[in-house]
Amino acid sequence: AQSVTQLDSHVSVSEGTPVLLRCNYSSSYSPSLFWYVQHPNKGLQLLLKYTSAATLVKGINGFEAEFKKSETSFHLTKPSAHMSDAAEYFCVVSLYNQGGKLIFGQGTELSVKP
Amino acid sequence: DTGVSQDPRHKITKRGQNVTFRCDPISEHNRLYWYRQTLGQGPEFLTYFQNEAQLEKSRLLSDRFSAERPKGSFSTLEIQRTEQGDSAMYLCASSLSGAHSYEQYFGPGTRLTVT
């Protein structure tokens, strides 16, 4: 069965320092993976996606993620955190053979300290 | 087109009442999905449509839940005889089919509170 596990429920960083949000996936075939962000009282916004092209994926707002098949990981990084990055982040796998429905991780809450 | 819209944004109802939510997808998208998100959790899949056909329903979708997508455009999600456990954010998303990335665009959600 396809699933994702977000290894940290909460991450706290200082403004200007790097961000690392960890995600491991389980899939019986080459997955499509996404990171979505959810700001308080706002809808889910797509940050970036991996669909078996380049393993290093660049997204919006300076975020990027690297697909590592050997480690079954898809960690999200950003070189320098900004206060506006504080939000809930979800790692997501798409089930290609089930109409593309999405399976979400439990989420990681990112806090950014001034 | 500005994206996926949902109505209402908030709904407070008493236990036992029926409620109906509406979702308007991005106009050229033929797939429409419903998800439910409870506090502190990631969204969970409920059901999806391709055009007007409902192709899959989650086990989470009890007999009190019904969804429709007449004419393959907007969709409605109805909950009959609401229970306190139905309190959640109901999210709608749309996408194109055939695009292998299956990128879904989400609406702002309808927050349901059952008292």
Can you list the residues of region A:62-106 that have at least 50 square angstrom less accessible area with all protein chains present than in their chain by itself, probe 1.4 Å? A:Y96, A:G99, A:K101, A:L102, A:F104, A:Q106
Going through the cross-link list A:K42/A:K101; A:K68/B:K11; A:K69/A:K101, which pairs have a Cα-Cα distance over 31 Å in this structure? A:K68/B:K11
Candidates per trypsin sites (Lys or Arg not before Pro) in region A:55-94, loop by DSSP, up to 16 other Cβ within 10 Å: A:K69
Using only protein heavy atoms and a 1.4 angstrom probe, determine the accessible area buried between A and B, summed over both sides, in Å² to the nearest 100. 1700 Å²
What GluC sites (Glu not before Pro) in region B:12-75 are in a loop by DSSP, with at most 10 other Cβ atoms within 10 Å of the Cβ? B:E28
Go ahead and set up a Gaussian network model of chain A, Cα springs under 10 Å, then flag whichever of A:G16, A:G59, A:G43 fluctuates most. A:G43
Accessible area expressed per residue, the protein assembly as shown, with surrounding protein chains retained (probe 1.4 Å, Å²): 49 Å²
Sort region A:1-108 into rounded, prolate or oblate with this rule: let a ≥ b ≥ c be the square roots of the eigenvalues of the Cα gyration tensor; rounded if a/c is under 1.5, and if a/c is not under 1.5, prolate when a/b is larger than b/c, oblate otherwise. prolate
Trypsin sites (Lys or Arg not before Pro) lying in DSSP loop within region A:1-51, provided at most 13 other Cβ fall within 10 Å: A:K42
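The values are calculated or read from the model by the stated rules, or taken from the named source; none is laboratory data. From a predicted model like this one, the values you see are computed outputs, not experimental measurements. With ideal geometry, Cβ positions are generated from the backbone for all residues, glycine too; neighbour counts draw on all protein chains shown. Ligands, DNA and RNA are excluded from the accessible area calculation, which covers all protein heavy atoms including side chains. Shrake-Rupley method; radii C 1.70, N 1.55, O 1.52, S 1.80 Å.
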